[in-house]
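A quick write-up on the structure given underneath.
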Amino acid sequence: MTAPRDPSFYLITKGYCTPRNFVESAPLVLAALRGAVARDLALVQIREKALTGRLLFELVSQAAQITKGTGTKLIVNDRVDIALAAGADGVQLTENSLRPNVVRSIAGQEFVIGSSVHSLENAQKARDDGADLVVFGPVFATPGKSQGQGVKMLRAVCEAINAFPVFAIGGIDERNHLRVLDAGASGVAAIRWLNDVVRDNESRTPS
């Protein structure tokens, strides 16, 4: 299983960490980050919603040491406070999070702000509010979502906010990622596929 280095790829962690399994699961997250750095992936998001603030801070602080000085940007899901305190590069906001312009006023111009969106209207709003990129989806069906919005809708979003970075997400893997890139996406965000890609440094070299 391979992933090309260009265009941008955005790995999202699996979300398996909990306070009860933190000692065992945190090293697996950090190993995935090392793999992402080794493959020059553009972005990695720590998306471990079940962790307490203290444990999430601990995990992100360790992750920031791995990505520091590399070409891989470290992003934290929703928690602007944890991202700033732990030295991450940015945050991935949801449609129910603080607005990007509010985060920008707190975090500064160098802070990377992504917005997860599910409609053209919200993609435009995120861009106009000062986000650096949007993650749009789901494009294809996934186990957690029975139906995707399709490549046609992704193309419409990319065309409407032309020259603004749009990452596609949802059911994307090596079999269909070229379809979303052909639709105009700047990159691909994935959980299962990209975690599988980076899992083994020896046998999963990007092409």
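The values are calculated or read from the model by the stated rules, or taken from the named source; none is laboratory data. All values derive from a computational prediction rather than experimental measurement. Positions of Cβ are backbone-derived with ideal geometry, glycine not excepted, and every protein chain shown enters the neighbour counts.
Exactly one condition in (1) touching a Ser or Thr at 6+ places or on another chain (Cβ under 7 Å); (2) not in a helix (DSSP H, G or I) is false for Ser115; which is it?
With respect to (1) touching a Ser or Thr at 6+ places or on another chain (Cβ under 7 Å); (2) not in a helix (DSSP H, G or I), Ser115 is out only on (1).
Residue check, Val23 against (1) closer than 23 Å to Ser97 by Cβ; (2) free of Cβ contacts under 8 Å to residues at least 12 places away in the same chain, all met but one. Which one?
It fails just one condition, (1).
Does region 112-119 include one or more residues that are within 17 Å of Ser8 (Cβ to Cβ), polar (S, T, N, Q), touching a Leu at 6+ places or on another chain (Cβ under 6 Å) and at pLDDT 95 or above?
Yes, because at least one residue in region 112-119 is within 17 Å of Ser8 (Cβ to Cβ), polar (S, T, N, Q), touching a Leu at 6+ places or on another chain (Cβ under 6 Å) and at pLDDT 95 or above.
Could you identify the single residue in Leu93, Leu98 that is of a type in the set (A, V, I, L, M), over 21 Å from Val197 (Cα atoms) and surrounded by fewer than 19 Cβ atoms within 10 Å (Cβ to Cβ)? Please lay out each step first, then the result.
Numbers: Leu93 fails: surrounded by fewer than 19 Cβ atoms within 10 Å (Cβ to Cβ).
On inspection, the qualifying residue turns out to be Leu98.
Please enumerate the residues belonging to region 128-149 that are assigned to a loop (DSSP other than H, G, I, E, B), among the hydrophobic types (A, V, I, L, M, F, W, C) and under 18 Å from Gln45 (Cα atoms). So that I can check it myself, show each step before the final result.
Here is the first cut: in region 128-149, the residues assigned to a loop (DSSP other than H, G, I, E, B) are 129-132, 137-141, 143-144, 146-149.
Then drop every residue that is not among the hydrophobic types (A, V, I, L, M, F, W, C), which leaves 131, 139-141.
Residue satisfying the conditions is Ala131 alone.
Being farther than 26 Å from Asp40 by Cβ and in a helix (DSSP H, G or I) is the filter here; which residues of region 61-99 pass it?
Val80, Asp81, Ala85 - these are the residues of region 61-99 that are farther than 26 Å from Asp40 by Cβ and in a helix (DSSP H, G or I).
For the list (1) surrounded by 17 or more Cβ atoms within 10 Å (Cβ to Cβ); (2) basic (Lys, Arg); (3) not in a helix (DSSP H, G or I), I need the number of the one condition that Lys125 fails.
For Lys125, the failing item is (3).
Search region 101-130 for residues that are closer than 13 Å to Cys158 by Cα and pair each with any residue that is assigned to a helix (DSSP H, G or I) and small (Gly, Ala, Ser) when their beta-carbon atoms are under 8 Å apart and the residues are at least 6 apart or on different chains.
Every condition considered, the pairs that remain are Val117/Ala123; Val117/Ala126; Leu120/Ala156; Leu120/Ala160; Ala123/Ala160; Gln124/Ala160.
Of all residues in region 26-60, which are under 13 Å from the mean Cα position of the chain (by Cα), in a loop (DSSP other than H, G, I, E, B) and under 15 Å from Phe9 (Cα atoms)?
Across region 26-60, the qualifying residues are Leu41, Ala42.
Being free of Cβ contacts under 8 Å to residues at least 40 places away in the same chain and of a type outside the set (A, V, I, L, M) is the filter; apply it to region 178-191 and report the residue that is nearest to Ala126 (Cα to Cα).
Per the stated criteria, the residue is Gly184.
Surrounded by 22 or more Cβ atoms within 10 Å (Cβ to Cβ) and out of contact with any Leu (no Cβ under 7 Å at 6 or more places or on another chain): which single residue out of Leu56, Leu84 fits that description? It would help to see each step written out before you state the result.
Working: Leu84 fails: surrounded by 22 or more Cβ atoms within 10 Å (Cβ to Cβ).
Criteria check complete, one pass: Leu56.
Within region 105-113, identify whether any single residue is under 18 Å from the mean Cα position of the chain (by Cα) and of a type in the set (Asp, Glu), and answer yes or no. If you could, list the steps in order and put the result at the bottom.
From region 105-113, those under 18 Å from the mean Cα position of the chain (by Cα) are 110-113; that's our starting set.
Still in the list and also of a type in the set (Asp, Glu): 110.
Among the residues of region 105-113, at least one is under 18 Å from the mean Cα position of the chain (by Cα) and of a type in the set (Asp, Glu), which makes the answer yes.
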